[in-house]
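Encoded as structure tokens, the structure appears first; notes follow it.
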Amino acid sequence: MLYILHMGNHPDLKFRKGSALSWHLQADLMAVVRWAEGNGVRWAFSDCNAGAYYANFYRRLEEMDEVNWVAVQSTDFRDMVIKEGKQAEISVWEVVSMGTGGANRCHRHRNR
């Protein structure tokens, strides 16, 4: 997603200002899942970029071992396996309450 924003040329996005200034939202996974399930909100996670046609999706926390955690934590993602695994993501349908509890943080990030 950040790469698509960085390029600023995706035909389906109106936003063209790049990723020089982006916000990273961080929330407690268990709290978000409890909130989603308690409110009938769908959620899932992927093992790579969720927009890729080959992405696998999961809806059970027991399947979190399908994520390549070495890749997620890596800071060098030139290797294709690391690059793909680093893009694993969780998606919550339409909305998530930031008041779910746990350590919710928002980080401002500037790319150089």
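The values are calculated or read from the model by the stated rules, or taken from the named source; none is laboratory data. Worth saying up front: this structure is predicted, and the values here are computed from it rather than measured. Positions of Cβ are backbone-derived with ideal geometry, glycine not excepted, and every protein chain shown enters the neighbour counts.
Just a few scattered comments:
- Residues being within 21 Å of Leu25 (Cβ to Cβ), in a helix (DSSP H, G or I) and in contact with a helix residue (DSSP H, G or I) (Cβ under 9 Å, 6 or more places away or on another chain) - total across region 38-96: 8
- Test: residue in region 74-88 that is among the β-branched types (Val, Ile, Thr), surrounded by 13 or more Cβ atoms within 10 Å (Cβ to Cβ), within 16 Å of the chain's Cα centre (by Cα) and at pLDDT below 90: no
- Taken as a whole, region 92-105 holds at least one residue that is surrounded by 13 or more Cβ atoms within 10 Å (Cβ to Cβ) and modelled with pLDDT of 80 or more.
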